[in-house]
């Protein structure tokens with residue numbers, strides 16, 4: 001049976017076998033790469049940054065998957081690793097920006113506007129700009145709910161925040177983005 | 001107004017400069033805030049109770065719910081096809097990376113050298129035969145359920161036949177002693193009691209009857225004595241003499257007629 005057709009539990013078993021470890025790891029990457037990539041890309045905007053963060057995420061997965069306790073879904077755990085890695089990256093960006101006295105938020109906005117396909121009149125580009133106005137954690141909450149349609153219960157395990165707080169955060173985020181689109 | 005005047009008077013009494021200031025609201029409200037407030041709160045409640053993200057967004061923001069979710073960013077060609085290889089390459093280039101062979105080599109060169117040496121051997125052609133043997137066994141699928149029911153039915157029929165036959169035989173061998181006493185005796189006595197025992201019983205019965213006869217004679221003699229105790233002895237002698245004479249005459253007559 002091809003590893004790509006195996007369930008997460010079966011992939012974990014194959015990963016823990018030294019003979020099939022690399023093959024199982026490749027299957028896991030292929031299974032979740034696009035979801036994780038777009039989750040990161042929407043946060044960091046730039047492809048090269050998203051690629052760097054994604055590769056760091058996968059290296060963490062390689063080292064940490066052996067000890068994964070399976071008390072949550074593999075998908076949830078991967079998202080948690082990716083989100084933490086992304087926040088770490090943005091924190092490092094902030095520190096560099098603080099040194100250079102530039103604004104990280106405007107830096108991301110500039111990256112959006114610098115995209116070769118950018119069209120400020122189109123609603124989907126306005127949406128991306130509106131998203132970048134949000135604080136980092138609120139941005140993550142919005143994207144997980146809006147794009148990935150992740151249930152609050154699962155999101156609370158990814159972000160280790162209560163469901164109530166996540167709902168409130170998302171509702172605020174929607175209002176802010178809507179306001180931005182109306183005003184721009 | 002009365003209450004406000006009271007406060008202002010109080011401030012004036014205290015000599016406060018605030019008594020002369022006209023309080024004004026410096027905060028501004030968005031236009032139409034209160035007109036929309038009730039609907040917003042109601043929509044928020046519906047969003048909280050929504051079944052999924054789509055329904056939730058339709059209550060929170062009809063505008064966003066109608067916007068295409070396609071992200072406008074572009075991805076370099078072949079990025080996802082090569083990603084797994086790039087990641088593995090990066091991992092292997094890390095100084096701490098080791099394959100399983102390298103790991104055991106580091107931990108124990110001795111065990112590493114013994115890894116491919118298997119001391120056990122299987123008989124020639126074992127695995128080929130095993131596969132076909134399993135297939136053959138697998139084709140012999142017998143339905144247990146039907147067989148079991150069949151056995152139970154056959155057993156019930158056999159028991160019935162034996163029972164009925166036994167009853168028939170038993171009844172046919174029954175002999176009525178009133179209707180056929182000799183047959184009953186032959187069946188119940190002859191077979192159960194030996195001939196010697198029967199002879200012994202007959203002899204005993206004869207002895208008993210003789211003893212009974214002697215006992216009867218003794219009884220008769222006693223009775224005669226009782227009856228004859230009042231009869232003189234001369235008359236008894238005369239009677240006996242007459243009896244003897246009579247018997248003699250009868251014997252002579254008998255011999256003359258022959």
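Enter the per residue convex hull volume of region A:119-184, computed from alpha-carbon coordinates, in Å³ rounded to the nearest integer.
Working: hull volume 4.8 nm³, N = 66.
Value for region A:119-184: 73 Å³ per residue.
Picking from A:19, A:81, A:141, which is most flexible by a Gaussian network model of chain A using Cα springs under 10 Å?
A:19
In what order do A:118, A:89 fall by count of nearby beta-carbon atoms within 10 Å, going from fewest to most?
Working: A:118 15, A:89 18.
Arranged by neighbour count, lowest to highest, A:118, A:89 become A:118, A:89.
Taking the simple approach of a point 7 Å from Cα along Cα-to-Cβ for both residue B:194 and residue A:116, what is their distance in nm?
Placing both labels 7 Å along Cα→Cβ, they lie 12.8 nm apart.
Using Cα atoms only, what is the angle between the long axis of helix A:163-183 and the major principal axis of chain A, expressed in degrees (0 to 90) to the nearest 10?
40
Residue A:136 versus residue B:155, label points 7 Å from Cα toward the beta carbon: distance in nm?
Here the modelled spin labels are 7.8 nm apart.
Round to the nearest 10 and give me the degree value, 0 to 90, for the angle of helix A:104-113's Cα axis relative to the longest principal axis of chain A.
Rounded to the nearest ten degrees, it is 90.
Against the longest principal axis of chain A, how steep is helix A:136-146, in degrees 0 to 90 to the nearest 10, with axes from Cα atoms?
Once rounded, the angle reads 70 degrees.
Looking only at other chains, what is the average number of their beta-carbon atoms within 10 angstrom of each beta-carbon in B:54-67?
Working: counts 1, 0, 8, 5, 0, 2, 7, 8, 1, 7, 10, 2, 1, 9.
Whole-number average of other-chain Cβ neighbours for B:54-67 is 4.
For a bin width of 5 Å, list the pair-distance distribution of region A:7-101 built from all Cα-Cα distances, rounded to whole %.
Spelled out per bin, shortest first, that is 2, 13, 24, 22, 16, 10, 7, 3, 2, 1, 0.
For peptide B:74-83, compute the average count of partner chain beta-carbon atoms within 10 Å of each residue's beta-carbon. Intermediate results must be reported in sequence, preceding the final value.
Details: counts 4, 7, 3, 0, 0, 7, 5, 2, 0, 10.
Mean partner-chain Cβ count within 10 Å for B:74-83: 4.
Among A:42, A:80, what is the fewest-to-most ranking by other Cβ atoms within 10 Å?
On the way: A:42 23, A:80 15.
Arranged by neighbour count, lowest to highest, A:42, A:80 become A:80, A:42.
Got a sec? How would A:63, A:171, A:47 order by Cβ neighbour count within 10 Å, fewest to most?
Numbers: A:63 12, A:171 21, A:47 18.
Lowest count first: A:63, A:47, A:171.
If I model a spin label at residue B:94 and residue B:52 as a point 7 Å from the Cα along the Cα→Cβ vector, what separation in nanometres do I get?
3.8
Looking at chain A from every direction and averaging, what is the projected area of its Cα convex hull in nm²?
Numbers: hull surface 47.9 nm².
Across all orientations, chain A yields a mean hull projection of 12.0 nm².
Would you please give the FRET efficiency between residue B:77 and residue B:33, computed as 1/(1 + (r/R0)^6) with r the Cβ-Cβ distance and R0 = 35 Å, to the nearest 0.05? It would help to have the intermediate numbers written out before the result.
Working: r = 50 Å, r/R0 = 1.43.
Computed FRET efficiency for residue B:77 and residue B:33 comes out at 0.10.
Take every residue in peptide A:167-179, count the Cβ atoms of other chains within 10 Å of its Cβ, and give the average of those counts.
On the way: counts 4, 2, 0, 5, 8, 1, 1, 9, 5, 0, 4, 6, 2.
That works out to 4 on average.
Computed from the coordinates by the stated procedures, all read-outs in this text should not be read as laboratory data. The shown structure was predicted, so the numbers you read here are calculated from the model rather than taken from an experiment. Here the Cβ is made from the backbone with ideal geometry for all residues, glycine too, and neighbour counts use every protein chain on show.
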